Amino acid sequence: MKKIIEVQNLVKKYGDFTAVKGISFSVNEGEIFGLLGPNGAGKSTTLEIIETLREKTDGKVFVDGMDLDLEPNEIKKIIGVQLQTSGYYPGLNLTELIKLFSGLYNQKVDVTEFLNLVNLKDKAKAKYKELSGGQKQRFSIATTLINQPKIIFLDEPTTGLDPQARRNLWDLITDIRKKGTTVIITTHYMDEAEVLCDRVAVIDSGKIIAIDNPDKLIDDLVSTGFERKKEVKAATLEDVFIHLTGKSLREE
Ligand code: ADP
Ligand code: MG
């Protein structure tokens, strides 16, 4: 398996404070890789360094074999980044925004086909600010795909979404991976990580404390004699919610 990202002893200091304390991990080509950890763990810092948007203090990063220190501009060409604070031009509609982005990336894009991909064909003439939370997330994921990247980075793409919109994004992310794109995602939802991620790294206070596939991590915990406090039921409250309210999106 090809390692498309390699991070070696990465350190990030903000003044006296060390936010990332010498972490090492790699991401395999074509996998969905999750970075999990409490607020302030260093997830966004790590992603932004790999995305070439933030300076590192120490360590090495290679993306598709390219050294971040030597070829940041070449790395930029093969990645798609979802910006957390999407400051899109408020006065432009989605069609105009896609054209703007494709112009920036020097790519020819069929706008209708593109919006269709993320289920937003009906919103071609809508302004970004008029979209629901789930639609905004879908649109911003779409913008990461314009330059046909090998890797996309999604930082908490489902935070604040209702269960229907969240599941809809899972489908979208799974579809993107099916086409061969490597996905790196952060999330606070462990059910989401369990469904989506081939492997996860758990990061706490700037250190990686576990890295493996979700099944293995769960089995390891169980093998220590761990038992859940509450009896495990065959369904969750979220299953009940989806069963009662249906899977269809509620955003129009
Ligand atoms: P996460 O994404 O896991 O919540 P971050 O990478 O955003 O964590 O932040 C890691 C730590 O670094 C936090 O303690 C945060 O307050 C600190 N931090 C992040 N950005 C800056 C910055 N620009 N200046 C100083 N400290 C920062
Ligand atoms: Mg963050």
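The values are calculated or read from the model by the stated rules, or taken from the named source; none is laboratory data. The model shown is predicted, which means the values in this text are computed figures rather than measured ones. Backbone-built Cβ (ideal geometry, glycine too); neighbour counts: all protein chains shown.
Comparison of SER102, SER44 shows that the only residue that is farther than 18 Å from VAL183 by Cα, among the hydroxyl-bearing types (Ser, Thr, Tyr) and either surrounded by 18 or more Cβ atoms within 10 Å (Cβ to Cβ) or within 12 Å of ligand 1 (Cβ to nearest atom) (or both) is SER102.
Listed here are the residues, each with its yes/no results for (1) in contact with a Leu (Cβ under 9 Å, 6 or more places away or on another chain); (2) more than 22 Å from ILE185 (Cβ to Cβ); (3) surrounded by 19 or more Cβ atoms within 10 Å (Cβ to Cβ).
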position: ASP58; (1), (2), (3): yes, yes, no
position: ASP67; (1), (2), (3): no, yes, no
position: LEU70; (1), (2), (3): no, yes, no
position: ILE78; (1), (2), (3): no, no, no
position: LEU92; (1), (2), (3): yes, yes, no
position: GLU96; (1), (2), (3): no, yes, no
position: ASN106; (1), (2), (3): no, yes, no
position: THR112; (1), (2), (3): no, yes, no
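Here is a yes/no grid of residues against (1) free of Cβ contacts under 8 Å to residues at least 24 places away in the same chain; (2) within 16 Å of ligand 2 (Cβ to nearest atom):
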| position | (1), (2) |
| --- | --- |
| ILE50 | no, yes |
| LEU53 | no, yes |
| LEU70 | yes, no |
| GLY80 | no, no |
| PRO90 | no, no |
| THR95 | no, no |
| SER102 | no, no |
| ASN106 | yes, no |
| THR112 | yes, no |
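Considering the conditions (1) more than 16 Å from ligand 1 (Cβ to nearest atom); (2) free of Cβ contacts under 8 Å to residues at least 60 places away in the same chain; (3) closer than 29 Å to ASN9 by Cβ, ASP198 is excluded by exactly one of them, (2). SER24 satisfies every condition listed in (1) out of contact with any Asp or Glu (no Cβ under 6 Å at 6 or more places or on another chain); (2) within 19 Å of THR181 (Cα to Cα) except (2).
Among the residues of this structure, GLY65 counts as one that is under 23 Å from GLY80 (Cβ atoms) and more than 16 Å from ligand 2 (Cβ to nearest atom). Tallying residues that are within 16 Å of ligand 2 (Cβ to nearest atom) and either out of contact with any helix residue (DSSP H, G or I) (no Cβ under 6 Å at 6 or more places or on another chain) or outside any loop (DSSP other than H, G, I, E, B) (or both) within segment 23-48 yields 16. Total residues in segment 144-169 satisfying the condition of being away from ligand 2 (no atom under 16 Å from the Cβ) and out of contact with any strand residue (DSSP E or B) (no Cβ under 8 Å at 6 or more places or on another chain): the figure is 10. Per the conditions (1) among the hydrophobic types (A, V, I, L, M, F, W, C); (2) within 19 Å of VAL183 (Cα to Cα); (3) at pLDDT 95 or above; (4) surrounded by fewer than 16 Cβ atoms within 10 Å (Cβ to Cβ), the sole criterion not satisfied by PHE17 is (2).
Suppose we keep only residues that are in a helix (DSSP H, G or I) and polar (S, T, N, Q) within segment 129-185. Which one would you say is surrounded by the fewest Cβ atoms within 10 Å (Cβ to Cβ)? Once the filter is applied, the top-ranked residue is THR174.
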